[in-house]
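Read the structure below first, then the notes.
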Amino acid sequence: MSNSIIYLHLQLITPLHLLHPQPMHSNVKVGLSLGGDSVGGGSCYFSPSSVDSWVSNAVSSLTKIIQEYNLDGIDIDYEHFHADPETFAECIGKLVTTLKNNGVISFASIAPFDDDEVQSHYLALWKDYAHVIDYVNFQFYAYDQGTTISQFMKYFQTQSSNYKGGNILASISTDGSGGLSPENGFFTACNRLKSQGKLGGIFVWSADDSKASGFRYEKQSQALLAAPR
């Protein structure tokens, strides 16, 4: 299954706004992202006091938000940690499992990138809970600016091996921060991966930056994914 995932901040968005796409586009799914790089000008840390209390609080608060906003899933995007990989894996794994078992979410994704600390935490999660994670939104745009097609293909193969059996999404940033750009062949690489049956979808970061160009690359991603192989 191929998917184009677009991320929006929930500022100024009401539950009614999220109901609007559903009648016309029944295949649209909206997710809530946990974590991120920063909040209030400082790093956003994953810092649980205990596994049980963190999971209990997360299940309670997320269930309320997800049901109020008619959401479909969650994306795990913690990038800074005040907990070891095993604690992170246990907290996130139990959270996703509980939300799925309760029928609160239909999908869960993770958004790691190539950093030793980040990878140690997400690979620990993947080791024990890969069966409840639907998509790996790997941040390939965190690689150096000027990445070539051949480098990108190697990076994709490496992360496919790390997250073996997962739906690995190619990713692009519309703020021009790094990775393989459209000008340097991002969609050429995606077509190549698709022809090989390896492309799990395309992850675009972010809608805030894409709006000025009319979501050009989101539309191009959808067209590529929808076209016959």
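The values are calculated or read from the model by the stated rules, or taken from the named source; none is laboratory data. It should be emphasised that the depicted structure is a prediction, and the values quoted were computed from it without experimental measurement. Virtual Cβ from ideal backbone geometry, glycine too; neighbours counted across all protein chains shown. The area values use the complete protein model at the heavy-atom level, side chains included, leaving out ligands, DNA and RNA. Shrake-Rupley method; radii C 1.70, N 1.55, O 1.52, S 1.80 Å.
Quick notes
- Selected residue (only one of 179, 166 is touching a residue at least 24 places away in the same chain (Cβ under 8 Å), open to solvent by less than 10 Å² (accessible area, probe 1.4 Å), in contact with a strand residue (DSSP E or B) (Cβ under 7 Å, 6 or more places away or on another chain) and assigned to a loop (DSSP other than H, G, I, E, B)): 179
- Test result for residue 136, under 23 Å from residue 92 (Cα atoms), in contact with a Lys or Arg (Cβ under 7 Å, 6 or more places away or on another chain) and touching a residue at least 24 places away in the same chain (Cβ under 8 Å): no
A quick yes/no check of all residues on (1) of a type in the set (Phe, Trp, Tyr); (2) buried (at least 22 other Cβ atoms within 10 Å of the Cβ):
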{"residue": "124", "(1), (2)": "no, no"}
{"residue": "131", "(1), (2)": "no, no"}
{"residue": "137", "(1), (2)": "no, yes"}
{"residue": "141", "(1), (2)": "yes, yes"}
{"residue": "144", "(1), (2)": "no, no"}
{"residue": "148", "(1), (2)": "no, no"}
{"residue": "152", "(1), (2)": "yes, yes"}
{"residue": "157", "(1), (2)": "no, no"}
{"residue": "160", "(1), (2)": "no, no"}
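- Any chance residue 138 is closer than 23 Å to residue 31 by Cα, among the aromatic types (Phe, Trp, Tyr) and in contact with a Pro (Cβ under 8 Å, 6 or more places away or on another chain): yes
- Scanning segment 133-154 for residues that are of a type outside the set (Phe, Trp, Tyr) and part of a helix (DSSP H, G or I), we see that the one that is nearest to residue 206 (Cα to Cα) is 142.
- Contact map, segment 209-228: first residue without any contact (Cβ under 8 Å) to a residue 40 or more places away in the chain, second residue part of a loop (DSSP other than H, G, I, E, B) and of a type in the set (A, V, I, L, M), Cβ cut-off under 9 Å, separation 6 or more or different chains; pairs are 224/199.
- Condition broken by residue 123, with the remaining ones in (1) closer than 27 Å to residue 94 by Cα; (2) part of a loop (DSSP other than H, G, I, E, B) satisfied: (2)
- A count restricted to segment 215-228 and to residues that are of a type outside the set (S, T, N, Q) and open to solvent by less than 40 Å² (accessible area, probe 1.4 Å) stands at 4.
- Screening 96, 118 for residues that are buried (at least 22 other Cβ atoms within 10 Å of the Cβ) and in a helix (DSSP H, G or I) leaves exactly one candidate, 96.
- Any hit, segment 53-68, residues being touching a helix residue (DSSP H, G or I) at 6+ places or on another chain (Cβ under 6 Å) and within 30 Å of residue 178 (Cα to Cα): no
- Taking segment 35-82 as the range and being touching a Phe, Trp or Tyr at 6+ places or on another chain (Cβ under 7 Å), under 23 Å from residue 142 (Cα atoms), of a type in the set (Gly, Ala, Ser) and open to solvent by less than 30 Å² (accessible area, probe 1.4 Å) as the test, no residue passes.
- Top-ranked residue in segment 195-214 [being at pLDDT 95 or above, surrounded by fewer than 19 Cβ atoms within 10 Å (Cβ to Cβ) and not small (Gly, Ala, Ser); ranked as farthest from residue 138 (Cα to Cα)]: 196
- Residues that are outside any strand (DSSP E or B) and in contact (Cβ under 8 Å) with a residue 24 or more places away in the chain were ranked within segment 25-34; the one that is least open to solvent (accessible area, probe 1.4 Å) is 30.
- Selection count, segment 182-194, where residues are surrounded by 19 or more Cβ atoms within 10 Å (Cβ to Cβ) and either without any contact (Cβ under 8 Å) to a residue 40 or more places away in the chain or out of contact with any helix residue (DSSP H, G or I) (no Cβ under 9 Å at 6 or more places or on another chain) (or both): 2
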